[in-house]
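Step one of this worksheet: look at the structure below.
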Amino acid sequence: MIKLAEELGIEKINFHNLFKTGIPRDHFTGNIDISIKDWFEVKEEIEEKVENNEYSIPVRIPSSFVTKDRFIRNPEYYGYCTCKTKSALLVHPNGMLRICPLLIGTPYGIAKYYDNKIVWDDSPTNELRGIQMNKNTPCATQYKHNKFGKYVPVCCSFKPKQNEKIWQELDWESKTTGDKIRTIIANNDDNEKNKIVDILNKRKDIEIVAVAKSPEDTYDKIVELKPEMVFAKYDFGTSMNGLDIVKKSKETLNNDIPVFNMISNTEIPKDEMVEIIQIVGNKMNTIIREQTEERYNGIIEDYKEYLNQFIKL
Ligand code: SF4
């Protein structure tokens, strides 16, 4: 379709897709729905080509779903909902005023126009009733009664990097820090540090935002950059150790502290570990003894798996 649109001299192309997500539209869209797995393959191929400027026309493509770990990373960005931004209204010929396009064909709306006046719908068919207006959530219409494993549905109008006026006016692209796990590596042993940097740089889902060489520097960078994850040497041989980094970070950032992975070739004293866990709970992720690709990849995959399987949204 994109190639055809280019050949025909069409100025831009905009895609909608038809999933079965337990919404009224399911009943009149026949059997042309696509699976989430197939959709991700197509979408990623097209997005990559858009990114590489391989098309001569703008392509507006919906995300439709994201993995939970991505949603958790940028809830404001992925929580886009036209009902919440109040940025569009569907005015139907029968006088129905509605915001959510997925409710077309239902009695749900926000108001009705008749006798030259607009009457707000105060009944249970007001479409905003099922939406937590001040909370960043997956698409309420699709997620209320349905679950999709590690995926959550996002707004059908959520089309990253689109040129639509409203997307630009709301400056929506500025609401994301990106999908990568923003990471700090803290180690004063250059060999060990370089090895970790090399391992993590190979991964597409990690962004190393800083490298720190002392516990004080680690704390400063955690506060300044607010990473999602830290790989820190536990004992730098100075008066401040891993426990102190955790304590100070918690005092300053409270729940915004990162997930900690402590690197230590020796046993960390039990009472110190207990104290760390008391302070940060499940933000203390693991202790690393060997600097191998397998170990680091395992930690990151386990962490993502945890977010995708066990976090309730
Ligand atoms: S599709 Fe979902 S997120 Fe978009 S307007 Fe409707 S309820 Fe909101």
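The values are calculated or read from the model by the stated rules, or taken from the named source; none is laboratory data. What you see is a predicted model; the values in this text were computed from it and never measured. Positions of Cβ are backbone-derived with ideal geometry, glycine not excepted, and every protein chain shown enters the neighbour counts.
Of all the criteria given as (1) out of contact with any Phe, Trp or Tyr (no Cβ under 8 Å at 6 or more places or on another chain); (2) farther than 17 Å from residue 156 by Cα, the one not satisfied by residue 111 is (1).
The single residue among 65, 40 that is surrounded by 15 or more Cβ atoms within 10 Å (Cβ to Cβ) and touching a residue at least 60 places away in the same chain (Cβ under 8 Å) turns out to be 65. In the stretch 97-108, of all residues being out of contact with any Phe, Trp or Tyr (no Cβ under 8 Å at 6 or more places or on another chain) and under 24 Å from residue 165 (Cβ atoms), the one that is farthest from the ligand (Cβ to nearest atom) corresponds to 104.
Rundown of residues vs (1) modelled with pLDDT under 95; (2) on the phi < 0 side of the Ramachandran plot, yes/no style:
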| residue | (1), (2) |
| --- | --- |
| 149 | yes, no |
| 171 | no, no |
| 195 | no, yes |
| 200 | no, yes |
| 205 | no, yes |
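Scanning the stretch 234-259 for residues that are of a type in the set (Val, Ile, Thr) and part of a helix (DSSP H, G or I) yields 245, 246, 252.
Quick check: is even one residue across the stretch 61-82 more than 19 Å from the chain's Cα centre (by Cα), under 22 Å from residue 157 (Cβ atoms) and within 15 Å of the ligand (Cβ to nearest atom)? So far as the stretch 61-82 goes, no, none of its residues is more than 19 Å from the chain's Cα centre (by Cα), under 22 Å from residue 157 (Cβ atoms) and within 15 Å of the ligand (Cβ to nearest atom).
A quick yes/no check of all residues on (1) loosely packed, with under 12 Cβ neighbours inside 10 Å; (2) more than 20 Å from the chain's Cα centre (by Cα); (3) not hydroxyl-bearing (Ser, Thr, Tyr):
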site: 230; (1), (2), (3): no, no, yes
site: 235; (1), (2), (3): no, yes, yes
site: 270; (1), (2), (3): yes, yes, yes
site: 277; (1), (2), (3): no, yes, yes
site: 280; (1), (2), (3): no, yes, yes
site: 285; (1), (2), (3): no, yes, yes
site: 307; (1), (2), (3): no, no, yes
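Taken together, the criteria exclude residue 205 from residues that are over 23 Å from the mean Cα position of the chain (by Cα) and either within 16 Å of the ligand (Cβ to nearest atom) or of a type outside the set (Lys, Arg) (or both).
For the stretch 118-134, check the following and say yes or no: at least one residue is at pLDDT 95 or above, among the aromatic types (Phe, Trp, Tyr) and under 29 Å from residue 171 (Cβ atoms). Within the stretch 118-134 (the criterion being at pLDDT 95 or above, among the aromatic types (Phe, Trp, Tyr) and under 29 Å from residue 171 (Cβ atoms)), the answer is no, since none of the residues qualifies. Every test in (1) touching a helix residue (DSSP H, G or I) at 6+ places or on another chain (Cβ under 8 Å); (2) assigned by TED's automatic domain parsing to the domain that holds residue 83; (3) of a type outside the set (Phe, Trp, Tyr); (4) part of a loop (DSSP other than H, G, I, E, B) is passed by residue 162 save one, and that test is (1).
In this structure, does residue 86 turn out to be within 18 Å of the chain's Cα centre (by Cα), within 14 Å of the ligand (Cβ to nearest atom), among the basic types (Lys, Arg) and within 26 Å of residue 168 (Cβ to Cβ)? Answer is no for this residue. Note on the stretch 168-194: among residues that are assigned to a helix (DSSP H, G or I) and either crowded, with 20+ Cβ neighbours inside 10 Å or basic (Lys, Arg) (or both), the one that is farthest from the chain's Cα centre (by Cα) is 193.
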